[in-house]
Amino acid sequence: MGKTLAYKILENHLVSGELSKGNEITIKIDQTLTQDSTGTMVYLQLEELDVEKIKTEISVAYIDHNTLQTGFENADDHAFIKSVANRHGILFSKPGNGICHQLHLENYGIPGKTLLGSDSHTPTGGGLGMIAIGAGGLDVAVAMAKGTYSLGVPDVIGIKLTGKLPAWSSAKDVILHVLKLLTVKGGVGNIVEYFGEGVKTLSVTDRATITNMGAELGATTSVFPSDENTRQYLKLRGREDDFVALSADADAIYDKLIEIDLSEINPLAAMPHSPDNVDSVANIGNIKIDQVAIGSCTNSSYTDLMKVAAILKGRKVHPEVSLVISPGSSSIMAQMAENGAMADLIKAGARVIENSCGPCIGMGQSPKSGAVSLRTFNRNFKGRSGTNDASVFLVSPETAAVSAIYGVLTDGNTTDIELPHIEIVKAPPVDSFIIMPSGATKSSIPVEMGPNIKPFPKNTALPDKVTVEVTLKTGDNITTDDIMPSDSRLLPYRSNVPHLSNYCFEKIDNEFPARCNKAGACAIIGGDNYGQGSSREHAALAPLHLGIKFVIAKSFARIHRSNLINSGIMPLVFENADDYNDIELGNTLVIENAVEQIKNPIIKVKNETTGKTYNAVTSFSEFETSMIEKGGKINYIKSQTEV
Ligand code: MIC
Ligand code: SF4
């Protein structure tokens, strides 16, 4: 039987376990990346693990999320991360270099390698033929310390691409189409693998746009073959030696197969407030817009921004629209400054801002009250823009640019603007990565800790009887943005979990923290796909700080489930989804013989308020059971003799 590309790469990296469905495997991790908003926790944890030498081939610490620096906190975080990076020989990318995923693609991604990143959009690397997985910070710290990562063997969804995209349709429309087909939970437990004749019509950065937003499907990762386009991309970045051709076997069997004819893809938009709420721009109609934001790790490549510049050249942004552009890297910015495209953007009236995540994570550029904002980003969760009542639509750079001119959502096909073909050009990396000074050792470089950097919370071993009060009951598709909101007000506190905890679930129920503080030990009842979205482990650490002992939900998103377990919080799944309706806020739930029970596939949870008992599915691997028993991953690792 032929092999999928995903399984070939996993097989090459297999350290232990059997590569077949339902098993847990451990794989070698070649590379890691971190960004600053999850990175401070990663490096506090790495210091706690007390390793002498990291085991990866390349690890990079990027600074791209918290670059607003409205107070000392962000800059202190940067200094802290740089000091730990230097102690361990981790490359440090300064603020201003650009967005981690774009930079990693340009400078370090290598076909066939594995990459683990403390950011959910790490699968961007799949555009280069990598198995690139997003994970919680602690998993990334452990991957640096041990060189490995454990995961359940995913299924592989094959997406066969045929045809070629029409002029005003682009890679963003392809992934929006896939999101419409599969929904935000359709990828959970799967790798999405693209193949077929249509692949060669997509550039590496097009492919990276598609694998980037595979995160929105809940997929473990997404991957494209590595072919002549990949070779060309690497060659132009002066890295042809990193090229290796990779593809699935011609007779590879996929667990699920989807066929997409690229020539039938129209310009699409994800409507508020979910990336899978997709319809065609033509159907949505010419709604009036107030803001257009172009950039983010999804759509800030050279070709994306050159297309935008070509559309805007000699034209003007509509007077009622604010157009803001954040390039993906300083290399892109430099190329566009040199070839004149930057001047075209500025003359058209665009506001060009720093090469960083910026508005994508609510770090500035929040739209006005009730605004309609078109964004080339990947998430349009309610309130993520920093404006709770704004309506955010996710669109391609082409649709964003043409709409900025007309002031209404516009399908470029209805205009007489001609889209030029953009060729990628030679672009050596801008050299601003810092490596540990030569001759320096770990002990010769002190850790630089600002006053806002507090120790991360740790759990205690699982007691035999767990008694809790239900302090929150949520609906379906709760995001980690809902659990631990992030914006310019809160991001400076990513290194200060006690402070951040006061805002946990702020937008859903702002009395939640106070209720937990009163209850002491508590639990959350969740719906389907609980914890989708960002990899931020703060969505587990803040609940841990507030006394959450377990969450019972209808189902969980992958990264958040792992983050809960890493923190020693039990993610339990209702065996009978109707039991969800039976539990109310304020009920007392009890798990007797917890230490013994969690070894079973199903455990009993008693509702002392109603007298009913529910079955909850654990589906913990042996390793996960041990982590919960010890009160989290750090405690577990420290209880073993060897890191
Ligand atoms: C996001 O896009 O939500 C983020 C901000 O990049 C997060 C990481 C974080 O919360 O710091 C992610 O995608 O993992
Ligand atoms: Fe940054 Fe947005 Fe990408 Fe997250 S999704 S890494 S916030 S650009």
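Taking region 491-505 as the search range and keeping residues that are free of Cβ contacts under 8 Å to residues at least 40 places away in the same chain and crowded, with 18+ Cβ neighbours inside 10 Å, which one is farthest from ligand 2 (Cβ to nearest atom)? Top of the filtered list is Phe505.
Considering Asn229, Asn212, which residue is polar (S, T, N, Q), assigned to a helix (DSSP H, G or I) and surrounded by fewer than 24 Cβ atoms within 10 Å (Cβ to Cβ)?
Values: Asn212 fails: surrounded by fewer than 24 Cβ atoms within 10 Å (Cβ to Cβ).
Checking each option against the conditions leaves just Asn229.
Cβ-Cβ contacts under 7 Å between residues 6 or more apart (or on different chains), taken from a first residue in region 140-167 that is of a type in the set (Asp, Glu) to a second residue that is part of a loop (DSSP other than H, G, I, E, B), are listed as Asp155/Lys21; Asp155/Gly189; Asp155/Asp255. For region 576-607, filtering for residues that are assigned to a loop (DSSP other than H, G, I, E, B) and touching a residue at least 24 places away in the same chain (Cβ under 8 Å) leaves 10. The single condition among (1) among the basic types (Lys, Arg); (2) touching a helix residue (DSSP H, G or I) at 6+ places or on another chain (Cβ under 9 Å); (3) more than 30 Å from Ala337 (Cα to Cα) that Lys426 does not satisfy is (3).
In region 611-618, is there at least one residue being out of contact with any Asp or Glu (no Cβ under 8 Å at 6 or more places or on another chain) and among the basic types (Lys, Arg)?
no
Contact annotation: residue pairs with Cβ atoms under 9 Å, 6 or more positions apart or on different chains, pairing a residue in region 83-99 that is at positive phi and away from ligand 1 (no atom under 16 Å from the Cβ) with a partner that is among the polar types (S, T, N, Q) and part of a helix (DSSP H, G or I), are Gly96/Ser330. Candidates Arg494, Arg489: the one that is more than 23 Å from Gly631 (Cβ to Cβ) and within 23 Å of the chain's Cα centre (by Cα) is Arg489. When Leu91, Leu115 are screened for being touching a Gly at 6+ places or on another chain (Cβ under 8 Å) and aliphatic (A, V, I, L, M), only Leu115 passes. The residue list Gly349, Gly439, Gly370, Gly383 contains one member that is more than 22 Å from Ile63 (Cβ to Cβ), away from ligand 2 (no atom under 15 Å from the Cβ) and touching a Pro at 6+ places or on another chain (Cβ under 9 Å), which is Gly349. Got at least one residue in region 384-394 being assigned to a loop (DSSP other than H, G, I, E, B), within 14 Å of ligand 1 (Cβ to nearest atom) and of a type outside the set (D, E, K, R)? Within region 384-394, one or more residues are assigned to a loop (DSSP other than H, G, I, E, B), within 14 Å of ligand 1 (Cβ to nearest atom) and of a type outside the set (D, E, K, R).
Against the condition more than 30 Å from Phe620 (Cβ to Cβ) and within 14 Å of ligand 2 (Cβ to nearest atom), how does Leu161 come out, does it pass? Steps first, answer last, please.
Details: more than 30 Å from Phe620 (Cβ to Cβ): yes; within 14 Å of ligand 2 (Cβ to nearest atom): no.
Against the criterion (more than 30 Å from Phe620 (Cβ to Cβ) and within 14 Å of ligand 2 (Cβ to nearest atom)), Leu161 does not qualify.
Highlighted here are the strands (runs of 3 or more DSSP E) found entirely within region 96-181 that include at least 3 residues which are surrounded by fewer than 24 Cβ atoms within 10 Å (Cβ to Cβ): 148-152, 155-162.
Quickly run through region 31-53 and pick out the residues that are away from ligand 2 (no atom under 16 Å from the Cβ) and either farther than 30 Å from Val156 by Cβ or surrounded by fewer than 21 Cβ atoms within 10 Å (Cβ to Cβ) (or both). Answer for region 31-53, where residues must be away from ligand 2 (no atom under 16 Å from the Cβ) and either farther than 30 Å from Val156 by Cβ or surrounded by fewer than 21 Cβ atoms within 10 Å (Cβ to Cβ) (or both): Tyr43, Leu44, Gln45, Leu46, Glu47, Glu48, Leu49, Asp50, Val51, Glu52, Lys53. For region 253-274, the condition of being part of a loop (DSSP other than H, G, I, E, B) and small (Gly, Ala, Ser) holds for at least one residue. Scanning region 528-556 for residues that are away from ligand 1 (no atom under 16 Å from the Cβ), at negative phi, assigned to a loop (DSSP other than H, G, I, E, B) and in contact with a helix residue (DSSP H, G or I) (Cβ under 8 Å, 6 or more places away or on another chain) yields Leu546, Lys554.
Within region 62-85, the set of residues being in contact with a helix residue (DSSP H, G or I) (Cβ under 9 Å, 6 or more places away or on another chain), more than 13 Å from ligand 2 (Cβ to nearest atom), closer than 24 Å to Val142 by Cα and not acidic (Asp, Glu) comprises His78, Phe80, Ile81, Ser83, Val84, Ala85.
For region 422-525, please list each of the helices (runs of 4 or more DSSP H) lying entirely inside it that holds at least 2 residues being within 30 Å of Tyr108 (Cα to Cα). Let's see the steps before the verdict.
On the way: elements: 480-483, 497-501, 512-519.
By residue number, 480-483.
Being closer than 26 Å to Gly189 by Cα, out of contact with any helix residue (DSSP H, G or I) (no Cβ under 7 Å at 6 or more places or on another chain) and among the hydroxyl-bearing types (Ser, Thr, Tyr) is the filter here; which residues of region 247-292 pass it? Within region 247-292, Tyr254, Ser274 meet the criteria.
Since every read-out is calculated from the coordinates, none of them should be taken as a lab result. Remember, predicted model here, so these are calculated numbers, not experimental data. Note that each Cβ is placed from the backbone with ideal geometry, even for glycine, and that neighbours are counted across all protein chains shown.
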